[in-house]
Amino acid sequence: MNPIAERLLARCKERGAEDAELYLSRGTEFTVRVYKGEIESLVSAESRGIGLRTFREHRVGFSYTSDFEPDALDQLADEALLNGRYNHTDEANVLPEPQLVEPLTGLASPGLARTEPQRKIDFALEMERRATSLDPRVRRVSDAVYSDGSGKVEIANSRGLHASFERTVAYGVLETIAERDAEMQSGFAFTHGRDMDQLDLAGVVKEAVENAAGLLGARPVPTASVPVVLHPHAAAMILGVLASSFSADAVIKRRSLLAGKVGEPVAAGIVTITDDARLPEGLASRPFDGEGVPAGRNELIAGGVLKGYLHNTYTARRTNGQSTGSAVRSYKSVPEVGVSNLVLQPGELSRDALLARVGSGLHVSQLSGLNTVNPVSGEFSLGLTGHWIENGRLTRPVKELTVAGNVIALLKKVVAVASDLRFMFAGGFCGSPTILIEELPVGGL
């Protein structure tokens, strides 16, 4: 066991703790943002810290530090125990029983540490340079960012648990601006991997440029109830809004629109949503959660029916359930409940085959107003931008459209799911394919 863990656990026991747990993390971050061929901002940082939980008479104490010196560690243990005296007693305040953690390979790329900072800067600069060279209508870039990070998490507790894993992530974000006369339109694209060499530079540039240029000339259309196709990124953003409602903690606190609906249809029969912490391509994948409980694949909605919620040890004890390995945390916080890789499972249709089912309708590539979605009722009012569909093909660009409704009602109207799964950060690492909504009332002219 790590000598720091041994010292802290021994100190906690000596000072009267019945149980104790430490969460140790070390990490690096590199983010560069460029603008007009120059570096606009650059962050290169390292961090490390320890979060300590103590348990005595079902009271939890917590404290954290970034100082690993012996005296600071002793003070950390004493502060956690002192803080615990002021917390209320709760029978659900317990450590999880130790379980075997299956290793999960492929989470970290050794190549990331060998990548020179200048190469990372050049990646961001090259995104911007190519984006402004590919199409004469795209002469500006509003955001060109390269970012990566590496981290190691280690958990040890007084019940014999000692586990660790390492993970790396890298991604590029590009937002372009297309102009024609006085009109401007923006286009977004995102690429991700375990290191810089896994990023698709040409692909992210092409997508961002085409997305912006393709919206030039966008106009409103008359108000109508029409079939609506959601681009994977738009669908993933809606999935991100739903993420917090899968938390058992939100259910207990009556802050979830899914509260009390286990066993009930909450989506169309072709909709299956999973939270999969062992997904090979998932940037949030992990072998265990923030309490050392083995992480896995949790089926949340299957065949349209809500199967259950995500739990950490506390919420599982409160509801006489089992932890789903869904505790999330940093060293500065106690475990909460959260998603890992939240996925609306793809179907077998190609994107083109799905579009071919629409005689006349709307393809949505951009959503606005997601922050207005009510997390308890699921009611929303969103702005839409995209293209009109005629005979299964995207035709003229459209904008300044609105749609109001309810998230569950929307999911119940899904009539087709494509196979083109895409991921993005949206309230977690969320993935969705293109989906077809049977009909929505879209406000326009």
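Numbers below:
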item	result
The one condition in (1) outside any helix (DSSP H, G or I); (2) closer than 30 Å to SER109 by Cα; (3) touching a Phe, Trp or Tyr at 6+ places or on another chain (Cβ under 7 Å) that VAL221 fails to fulfil	(2)
Verdict on GLY321 being of a type in the set (Gly, Ala, Ser), more than 20 Å from the chain's Cα centre (by Cα) and within 23 Å of ASP276 (Cα to Cα)	yes
Single residue of ALA267, ALA243 found to be touching a residue at least 60 places away in the same chain (Cβ under 8 Å), under 29 Å from SER419 (Cβ atoms), assigned to a loop (DSSP other than H, G, I, E, B) and touching a Leu at 6+ places or on another chain (Cβ under 7 Å)	ALA267
Long-range neighbours under 6 Å by Cβ, at least six apart or interchain, first residue touching a residue at least 24 places away in the same chain (Cβ under 8 Å) within the stretch 158-172, second of a type in the set (Lys, Arg) and assigned to a strand (DSSP E or B)	GLU166/LYS152
Selected residue (only one of VAL337, VAL328 is closer than 30 Å to ALA80 by Cβ, crowded, with 18+ Cβ neighbours inside 10 Å and free of Cβ contacts under 8 Å to residues at least 40 places away in the same chain)	VAL328
Restricting the stretch 279-308 to residues that are farther than 24 Å from ALA418 by Cβ and surrounded by fewer than 22 Cβ atoms within 10 Å (Cβ to Cβ), the residue that is nearest to the chain's Cα centre (by Cα)	ARG286
Index of the failed condition, PRO96 passing every other in (1) out of contact with any Gly (no Cβ under 8 Å at 6 or more places or on another chain); (2) assigned to a loop (DSSP other than H, G, I, E, B); (3) modelled with pLDDT of 95 or more	(1)
Per-region count, the stretch 270-295, residues of a type in the set (S, T, N, Q) and part of a loop (DSSP other than H, G, I, E, B)	2
So VAL337, is it aliphatic (A, V, I, L, M) and touching a Gly at 6+ places or on another chain (Cβ under 7 Å)	no
Enumeration of residues in the stretch 16-41 that are open to solvent by 20 Å² or more (accessible area, probe 1.4 Å), closer than 30 Å to THR176 by Cα and part of a strand (DSSP E or B)	THR28, GLU29, THR31, ARG33, TYR35, GLU38, ILE39, GLU40, SER41
Residue within the stretch 138-151 that is under 19 Å from PRO294 (Cα atoms), out of contact with any helix residue (DSSP H, G or I) (no Cβ under 8 Å at 6 or more places or on another chain) and open to solvent by 20 Å² or more (accessible area, probe 1.4 Å) present	yes
Options SER326, SER340, SER360, SER365; residue that is at pLDDT 95 or above, among the polar types (S, T, N, Q) and more than 20 Å from the chain's Cα centre (by Cα)	SER360
From the options LEU82, LEU73, residue that is over 30 Å from THR132 (Cβ atoms) and open to solvent by less than 30 Å² (accessible area, probe 1.4 Å)	LEU73
Matching residues in the stretch 296-322 - criterion: being in contact with a Ser or Thr (Cβ under 7 Å, 6 or more places away or on another chain), in a loop (DSSP other than H, G, I, E, B) and in contact (Cβ under 8 Å) with a residue 60 or more places away in the chain	TYR309, HIS311, ASN312
Number of the condition not met by PRO265 [criteria: (1) open to solvent by 20 Å² or more (accessible area, probe 1.4 Å); (2) under 30 Å from LYS152 (Cα atoms); (3) at pLDDT 95 or above]	(2)
Enumeration of residues in the stretch 386-434 that are surrounded by fewer than 22 Cβ atoms within 10 Å (Cβ to Cβ), in contact with an Asp or Glu (Cβ under 8 Å, 6 or more places away or on another chain) and either among the charged types (D, E, K, R) or part of a strand (DSSP E or B) (or both)	ALA404, GLY405, ASN406, LYS413, VAL414, VAL415
Residue tally, condition among the β-branched types (Val, Ile, Thr) and either at pLDDT 95 or above or assigned to a strand (DSSP E or B) (or both), over the stretch 369-385	1
All positions within the stretch 178-190 that are open to solvent by less than 30 Å² (accessible area, probe 1.4 Å) and either closer than 27 Å to PRO117 by Cβ or β-branched (Val, Ile, Thr) (or both)	ALA189, PHE190
Exclusive hit being in contact with a strand residue (DSSP E or B) (Cβ under 9 Å, 6 or more places away or on another chain), within 26 Å of ARG286 (Cα to Cα) and not acidic (Asp, Glu), set ALA80, ALA45	ALA45
Failed item, numbered, when GLY51 is tested on (1) open to solvent by 70 Å² or more (accessible area, probe 1.4 Å); (2) closer than 15 Å to TYR331 by Cβ; (3) not polar (S, T, N, Q)	(1)
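The values are calculated or read from the model by the stated rules, or taken from the named source; none is laboratory data. Only a predicted model underlies this, so the values are computations on that prediction, with no experimental measurement involved. So basically every Cβ, Gly included, is an ideal-geometry build from the backbone, and we count neighbours across all protein chains shown. Side chains included, ligands, DNA and RNA excluded: accessible areas come from the protein's heavy atoms. Shrake-Rupley method; radii C 1.70, N 1.55, O 1.52, S 1.80 Å.
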